[in-house]
Amino acid sequence: MLLAAGETGDGVNRLIDRQHPHDLFMELSASYSHPLGGGFDGSLYAGLPGEPAFGPPAFMHRQAAMDSPEAPISHHWFDSTHITFGVVTAGVSRDRWKLETSAFRGREPDQNRYDIETGRLDSVSARASWNPPPNWALQASWARINSPEALEPDDNEARTSLSALYVRPLGDEGSLSATLAWARKDRIPGDALQAWLAEGAIRPNPHWTIFPRAEQVEQDELAGHHGGASTVRKLSVGAIYEIPLSATVKLGFGGLVSAFDAPASLGYDEPTSTMAFVRLKIG
């Protein structure tokens, strides 16, 4: 997880070159929808924890990303709000359009990963989604997040996100999926930092999946708290081979290789990395 940053693992130190563990309870929520007439539908959603209306689906739920065991280094630009302890969302939809707005607690989860946290709904977001032909899902969203980081409680953020997701069948039993996304953080106070992401998953048959990913992030945490912003890049390619053990259980063997690009001043010295993994998939 070189070049990754965000949150804290112990409540004291910032995580650098690591991805924080996610909470045991990632979502406990309820939703309700009702026809409004004229082809419109209204919806209400509440979660403790839940996910506000911001950004594309979180990386572990995107078809182009879910086979990779690595979190993107751009995770905290696009979907760090996917576990939010306190969120209420109202939406209206018609045909292929949906507009949503959320009130939520801006603070990211703390280092205690097994509890349920509470607090004031002090942040807001809005998202417009459009599904043109069935293969595409487009969204544009904005959020004003109050005090997201536990180690910098006086700092706020405004975030903007644009994304396009594409999925199509490939042959008789395969599929092709891709994500292209951009996001911007405006630190208050601080700099404006941008991130770009392109990822895909090629599944030629039920056994093999190949998953490439390319990212570029303007990062100001690798050199310390809001240090000088640096542009860093990561390119990874991986694959997994799955063996069905039953109708609902699959055993997978996979690996990936990654290359990184970072300014010499950060001291990474053009590293590369490899990973091998085994996955048991149920369901």
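Each value in this text was obtained by applying a stated rule to the coordinates, not by laboratory testing. Since the model is a prediction, treat every value here as computed from it, not as a measurement. Reconstructed Cβ throughout: ideal geometry from the backbone, glycine too, with neighbour counts over all protein chains shown.
At-a-glance table
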read-out: Kirkwood hydrodynamic radius of region 75-205, Cα pairs, Å; value: 16.5
read-out: Taking only Cα atoms of region 102-170, radius of gyration then Dmax in Å; value: 16.2, 49
read-out: Translational diffusion coefficient (Stokes-Einstein; Kirkwood radius from C-alpha pairs) of region 1-86 at 4 °C, 1.567 mPa s, in µm²/s; value: 87
read-out: Dipole magnitude of region 5-233 about its Cα centre (Cβ charges: Lys, Arg +1; Asp, Glu -1), debye to nearest 20; value: 760
read-out: Zero-based 5 Å bins, Cα pair distances in region 179-283, whole percents; value: 3, 11, 16, 16, 15, 13, 10, 8, 6, 3, 0
read-out: Residue list for region 61-93, given a label point 7 angstrom along the Cα-to-Cβ vector of D122 and an amide N cut-off under 17 Å; value: 81, 84-88
read-out: Rounded FRET efficiency, nearest 0.05, which uses the C-beta distance separating L280 from D172 and R0 of 22 Å; value: 0.25
read-out: Among D191, D261, D95: highest mean-square fluctuation, GNM of the chain, C-alpha pairs under 10 Å; value: D95
read-out: Long-range HN-HN contacts of H22 with modeled amide H, under 5 Å; value: none
read-out: Per-pair calculated FRET efficiency, R0 = 25 Å: L44 and L180 via Cβ, rounded to 0.05; value: 0.25
read-out: Whole-angstrom Cα spans of region 52-145 along principal axes, big to small; value: 43, 32, 19
read-out: Virtual spin-label span in nm between M1 and L36, 7 Å along Cα→Cβ; value: 4.0
read-out: Principal axis dimensions, largest first and in whole angstrom, of region 5-233 by Cα; value: 51, 43, 33
read-out: R0 of 30 Å, Cβ-Cβ distance T272-D154: FRET efficiency to nearest 0.05; value: 0.20
